[in-house]
Amino acid sequence: MAVSDVLQKYLPARAVEPCFELIKANGVNLKIVNHRVTRHGDYRRLPNGMHQITVNASLNKYRFLITLVHEIAHLVAFEKFGRRIKPHGLEWKRTFQHLMIPFIRPEVFPSKLLPLIANHFKNPKASSSTDAHLAIALKAFDTVQQNDHSYVFELPMGSTFRLYNGKLFKKGQKRTKRYECVELSTGRIYLFQPNAEVELIKD
């Protein structure tokens, strides 16, 4: 099956052709993989010089688009500015902004997402999930199965949640950027990123 045909399944219809052109122009070997808890996607330059980008198949089509362009921006920024730049530094931010501009329009994103997308790309973060307003808005387009998970920043203080490995934690106070959470079985405190995906345990 052609790459453009595969993309039809994962992207908004009007984003398929421009994404396919980006993939071709930058020599991307795209792999769509099973859900990974720790990341939505990644970019690697392989030993043979090929550019491999992986994106989670479980993402909704708007998050898939943002993630795919995010990773292509890594590739383009490294090729243009060299490998010594910071992965999410100024060069990457500007590249990501430039690559996303053609997609920030009503033919691609729903009207309720557009203002949040436009605001996010004034200064894009390392992950769209760290933008609380955008993350919650994007989550509304997840399937029922995807909606089983919450972000740590969404959970009420003191609530109990489960990690993908089955361990249970209680959410505590925010310390600068991360949350102190207590592992219930050991009493040890761990720091969680706000955008960590977890399963809320209902009382």
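Would you call residue 158 over 21 Å from the mean Cα position of the chain (by Cα), assigned to a loop (DSSP other than H, G, I, E, B) and either exposed (fewer than 14 other Cβ atoms within 10 Å of the Cβ) or not hydrophobic (A, V, I, L, M, F, W, C) (or both)? Yes. In the set 112, 171, 122, only one residue is in the same structural domain as residue 65 (by TED's automatic domain parsing), of a type in the set (Lys, Arg) and either surrounded by 12 or more Cβ atoms within 10 Å (Cβ to Cβ) or closer than 19 Å to residue 73 by Cα (or both); that residue is 122. From the list 137, 73, the lone residue that is in the same structural domain as residue 28 (by TED's automatic domain parsing), in contact with a Leu (Cβ under 6 Å, 6 or more places away or on another chain) and farther than 30 Å from residue 27 by Cβ is 137. Can you tell me how many residues in the range 15-57 are more than 20 Å from the chain's Cα centre (by Cα) and of a type in the set (Lys, Arg)? Of the residues in the range 15-57, 1 are more than 20 Å from the chain's Cα centre (by Cα) and of a type in the set (Lys, Arg). The residue list 86, 112, 122, 93 contains one member that is out of contact with any Gly (no Cβ under 6 Å at 6 or more places or on another chain), assigned to a helix (DSSP H, G or I) and not hydroxyl-bearing (Ser, Thr, Tyr), which is 93. Residue-level analysis places residue 107 outside the set of residues that are acidic (Asp, Glu) and either buried (at least 21 other Cβ atoms within 10 Å of the Cβ) or touching a Leu at 6+ places or on another chain (Cβ under 8 Å) (or both). Of the listed requirements (1) at pLDDT below 95; (2) small (Gly, Ala, Ser); (3) part of a strand (DSSP E or B), residue 172 misses just one: (1).
Taken over the range 3-21, the residue count meeting the criterion of being hydrophobic (A, V, I, L, M, F, W, C) and either surrounded by fewer than 19 Cβ atoms within 10 Å (Cβ to Cβ) or free of Cβ contacts under 8 Å to residues at least 12 places away in the same chain (or both) is 3.
The residue that is surrounded by the most Cβ atoms within 10 Å (Cβ to Cβ), counting only those in the range 22-53 that are within 21 Å of residue 135 (Cα to Cα) and of a type in the set (D, E, K, R), is 42.
Taking (1) modelled with pLDDT of 90 or more; (2) under 20 Å from residue 39 (Cα atoms) in turn, residue 195 satisfies each apart from (1).
The values are calculated or read from the model by the stated rules, or taken from the named source; none is laboratory data. As the structure is a prediction and not an experimental result, all values here were calculated from the model. Because the Cβ atoms are built from the backbone with ideal geometry, glycine has one as well, and the counts that use them run over all protein chains shown.
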